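Shown next, in structure tokens, is the structure this report addresses.
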Amino acid sequence: MASSTRSPDGRRAEPERIPSSGGTGRTAVEEPDPARARRGCVLAVVLGLVGGVGVASAPVLHAVRSADGVAAPSAIGAAALWAAVFAVAAPVLAVPALVARRTAVAGALLAGAGAVSLGAAVLDTQLWTDAIDANRLELFRPETAAELAAGPGAYAALAGHLLIAFAGLLGMVAVHRESLMDGYGDARSSEQVGRATGARVGFLPSAVAVVAAVVLVGALFAPAFVSEDPVILVPTVVESDLATSAGAGALAAAVLIVVASALASISPPVASGALVGAGLAALGVVGTRLVAGLAAGERIQPGPGAVWGTVGAGVLVLVGVCIPMVDRARDTRILKTLATPSSSAPAQGGQAKKGAVTPSAKGVAKAALRAEAAAARARIARWHVAAGTTGIVTAVLAAAGALLPVLDIPADAVRPDIYATRVVLVAALVLVVGCVWLLLSEFASTVRPAVGVLWVTIPFSVASVSQSVVLATDVPGIGAGIGAALLWCAAVTAGVTGVLTWFAGSAEREEIDTSEEPSTSIAVLAVGGLGAVAAFVGLGLPLFHGTDARGDDYAPASFAEFPWNLDVWGRVLLGVAVVLAVIVASRARPARAVALLLGSAVVVGVYLLSWPLTAARVTDPSMGAGVVPTTVGIVLIAAAAALTTRSRNR
């Protein structure tokens, strides 16, 4: 802290720095150092390049070797080249950004690529557990069913992806240091300064980025290849080796986190770098699968996961490239609008009409504030209506899918009962009730946090139906029906509903005084946290057990059974959503915390209702181990909501 006073003879004294209480003479808050951020980013770029070279060299070093010492199978050359190019793409692009002294952009490129590379590293671990079914055609194409072991190339690929992930971490540090400097997130128009990138570029680019991310995430769980080769088997991702399913989940989480962080960033160039980096790294995964499928020959073709994943990743890169241009165009348009004189104002140098009242400066300022507040309310209302409408459409799709045939079976066959569709109907009813209130401006802000959790009930319930469809379609002559297609569409639009409610919450926070950060409520975190843990335990245990039609003991799968099927993945999603909602509620403002907690309790309640709704699939059903912890979780989460209400009333 600097002080400047006058000396006794009237002259101004030289400013001096007051040392900290420790007496060391250093300031209490460290000054931002651009050179330090730049040095850290240079190190990150070097590590990223080394990691990219390691990934690119994996096919040459032989990723696998035969257990009997025979020569390792070779890779598909075009796919290996594609993977090599996109492994080094983000670090290479970061080099000119560093040369141009755009340290934050370079760091964002590495951070986006590093997040996706962490998921790719998880996929690499299958080379040690079940290499022949890894379907890494850019590394090797097995020609026989002989057992394969990891070779030097596998270590190079894993080390390379981990180095890129570490470079991404250093890139995040560089972005953070740049964010502490003056001018970060600046704009020519004052209205754009400090706003999130999603708000600065508008709805369309933000929506395109979100949709591209959703498409990419969905594609990660779809088949990457269509194979008629007896050696290359392509099971569904959720029924594959744990490394494959966990890697797909990690990649999906990384993509969603990067896109959300980019749209929330106050610096459009940083958002652009993050999206481009993540998109390029994702093209190194899904795009490689597409190229491998196209170059593998007649017996192997690219699957829908490879095609749509490449489209989603490519659109992410395109949106990232366009974000700075869109931001500049909107910034210029705002400046022109502000510079245009009002038609009601008198001409410069002219004389006002006789009897006209010239508004005072204070009146003009108040009118501008009122207009700005009205525009903000209209913007928030649009987000609420968009989220509510999408949620209602989701509920209609889910209900229609549950009522229509989910299986396409021969006319002379007996149509089986899919009891999980009953849970879908309950979830659709719960969601539509919540979303209707979003269309009413008086209640939208209060209900919006609850809808931010309720949408999860749709993919949870659809996952259970999808598991039955997957098992049934293994029987020759049976395929997925129109109901299943509508349910899958509902699962996608449910995710869009969740994203729109997040955008609506961001718009609401822009109009709230956030100068004083809300403190964490220990009571809500403790009680609600215990409830979330209890609910998660209940989700991992079967709700009932009994005897199936063949006379065997039957109970829904638990979290302890690997690999996880679609039903279990749906419950994992539900549990993660509840845990995150309780954590957010502990720091949220009372009204929103109550809505979040009550929404979480309803979500767990929908799962608990699946016991009586689906228990008819077995004879003599009895209560399973998951009922008690699930019920305790609901009670504790509701108690946390009551504690929040009580603290608000004080």
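The values are calculated or read from the model by the stated rules, or taken from the named source; none is laboratory data. In this text the structure is predicted, and so the values were computed from the model without any measurement. Here the Cβ is made from the backbone with ideal geometry for all residues, glycine too, and neighbour counts use every protein chain on show. All accessible areas refer to the heavy atoms of the entire protein, side chains included, with ligands and DNA or RNA removed. Shrake-Rupley method; radii C 1.70, N 1.55, O 1.52, S 1.80 Å.
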Practice item. Of the numbered conditions (1) touching a helix residue (DSSP H, G or I) at 6+ places or on another chain (Cβ under 6 Å); (2) open to solvent by 30 Å² or more (accessible area, probe 1.4 Å); (3) modelled with pLDDT of 90 or more; (4) under 26 Å from ILE232 (Cβ atoms), ALA58 fails exactly one; give the number of that condition. Key: (2)
Review point. Is there a residue in region 347-365 that is at pLDDT below 60 and within 24 Å of ALA199 (Cα to Cα)?
Key: yes
Exercise for review: Return the only residue of THR619, THR631, THR644 being of a type outside the set (Lys, Arg), surrounded by fewer than 17 Cβ atoms within 10 Å (Cβ to Cβ) and modelled with pLDDT under 90.
Suggested key: THR619
Exercise for review: Tell me the helices (runs of 4 or more DSSP H) entirely within region 85-192 that contain at least 1 residues that are under 23 Å from the mean Cα position of the chain (by Cα) and buried (at least 23 other Cβ atoms within 10 Å of the Cβ).
Suggested key: 103-124, 152-179
Point to revise | Residues of region 289-331 satisfying the condition of being open to solvent by less than 10 Å² (accessible area, probe 1.4 Å) and either at pLDDT 95 or above or under 20 Å from the mean Cα position of the chain (by Cα) (or both) | key: GLY305, ALA306, GLY309, GLY312, ALA313, LEU316, GLY320, ILE323
Point to revise | Single match in VAL258, VAL231, VAL215, VAL270 (criterion: over 19 Å from PHE562 (Cβ atoms) and in a loop (DSSP other than H, G, I, E, B)) | key: VAL231
Check your understanding: Inside region 136-155, can you point out the residues that are of a type in the set (D, E, K, R) and at pLDDT below 85?
Key -> GLU143, GLU147
Review point. Can you tell me which residues in region 445-482 are of a type in the set (Gly, Ala, Ser) and touching a strand residue (DSSP E or B) at 6+ places or on another chain (Cβ under 8 Å)?
Key: ALA472, GLY479, ALA480, GLY481
Practice item. Report the residue count in region 573-584 for those that are more than 11 Å from ALA641 (Cβ to Cβ) and free of Cβ contacts under 8 Å to residues at least 60 places away in the same chain. Key: 6
**Study point:** Subset tally (residues that are in contact with a Gly (Cβ under 7 Å, 6 or more places away or on another chain) and either farther than 20 Å from ALA585 by Cβ or surrounded by fewer than 19 Cβ atoms within 10 Å (Cβ to Cβ) (or both)) for region 449-459
**Key:** 1
Study note, to complete from the structure: Residues in region 231-262 that are open to solvent by 30 Å² or more (accessible area, probe 1.4 Å) and under 19 Å from the mean Cα position of the chain (by Cα) total 7
Exercise for review: Please give the number of the condition SER519 fails out of (1) small (Gly, Ala, Ser); (2) part of a helix (DSSP H, G or I); (3) at pLDDT below 85.
Suggested key: (2)
Practice item. With the condition kept exactly as written, say whether any residue in region 526-545 is in a strand (DSSP E or B) and either under 30 Å from PRO621 (Cβ atoms) or modelled with pLDDT of 75 or more (or both). Key: yes
Check your understanding: What is the number of the single condition among (1) touching a helix residue (DSSP H, G or I) at 6+ places or on another chain (Cβ under 7 Å); (2) touching a residue at least 60 places away in the same chain (Cβ under 8 Å); (3) part of a loop (DSSP other than H, G, I, E, B) that ILE418 does not meet?
Key -> (2)
Study note, to complete from the structure: Given the conditions (1) surrounded by 22 or more Cβ atoms within 10 Å (Cβ to Cβ); (2) part of a helix (DSSP H, G or I); (3) not charged (D, E, K, R), every one holds for ILE583 apart from (1)
**Study point:** Residue list for region 410-424, filter: of a type in the set (A, V, I, L, M) and crowded, with 17+ Cβ neighbours inside 10 Å
**Key:** ILE418, ALA420, VAL423, VAL424
Point to revise | ALA577 vs. criteria at pLDDT below 90, assigned to a helix (DSSP H, G or I), farther than 19 Å from THR520 by Cβ and aliphatic (A, V, I, L, M) | key: no
Point to revise | First in region 248-264 and modelled with pLDDT under 90, second anywhere and not in a helix (DSSP H, G or I), Cβ under 9 Å, 6 or more apart | key: ALA248/PHE221; ALA248/SER240; GLY249/PHE221; ALA252/PHE221; LEU263/ALA196; ALA264/ALA196
Check your understanding: Looking at (1) open to solvent by 10 Å² or more (accessible area, probe 1.4 Å); (2) assigned to a helix (DSSP H, G or I); (3) in contact with a helix residue (DSSP H, G or I) (Cβ under 9 Å, 6 or more places away or on another chain), which is the one condition that is false for ARG65?
Key -> (2)
Revision key, fill the gap. Every listed condition ((1) at pLDDT 90 or above; (2) open to solvent by less than 70 Å² (accessible area, probe 1.4 Å)) holds for GLY477 save (1)
Practice item. Kindly establish whether THR520 is open to solvent by less than 40 Å² (accessible area, probe 1.4 Å) and polar (S, T, N, Q). Key: no
Check your understanding: Is it the case that THR446 is open to solvent by 50 Å² or more (accessible area, probe 1.4 Å), outside any loop (DSSP other than H, G, I, E, B) and polar (S, T, N, Q)?
Key -> yes
Review point. Among the residues of region 539-553, is there at least one that is buried (at least 19 other Cβ atoms within 10 Å of the Cβ), touching a strand residue (DSSP E or B) at 6+ places or on another chain (Cβ under 9 Å), of a type in the set (A, V, I, L, M) and in contact (Cβ under 8 Å) with a residue 40 or more places away in the chain?
Key: yes
Check your understanding: Which ones in region 586-611 are open to solvent by 20 Å² or more (accessible area, probe 1.4 Å) and touching a Leu at 6+ places or on another chain (Cβ under 9 Å)?
Key -> ARG587, ALA588, VAL602, LEU608, TRP611
Exercise for review: Name the one entry in VAL451, VAL432, VAL396 that is within 22 Å of the chain's Cα centre (by Cα), within 15 Å of THR493 (Cα to Cα) and part of a helix (DSSP H, G or I).
Suggested key: VAL451
Point to revise | Breaking point among (1) in contact with a helix residue (DSSP H, G or I) (Cβ under 9 Å, 6 or more places away or on another chain); (2) within 22 Å of ILE634 (Cβ to Cβ), for HIS545 | key: (1)
Exercise for review: Kindly indicate whether ALA463 is in contact (Cβ under 8 Å) with a residue 12 or more places away in the chain, open to solvent by less than 20 Å² (accessible area, probe 1.4 Å) and either not basic (Lys, Arg) or not in a helix (DSSP H, G or I) (or both).
Suggested key: yes
Practice item. Note down all Cβ pairs under 8 Å where the first residue falls in region 585-602 and is touching a residue at least 40 places away in the same chain (Cβ under 8 Å), the second is outside any helix (DSSP H, G or I) and of a type outside the set (Ser, Thr, Tyr), and they're at least six residues apart or on different chains. Key: ARG587/PRO518; ALA588/PRO518; ARG589/ILE512; ARG589/PRO518; LEU596/ALA588
Practice item. Could you please tell me which pairs satisfy a Cβ distance under 6 Å, a separation of 6+ or placement on different chains, a first residue in region 269-285 that is surrounded by fewer than 24 Cβ atoms within 10 Å (Cβ to Cβ), and a second residue that is in a helix (DSSP H, G or I)? Key: PRO269/VAL105; PRO269/PRO324
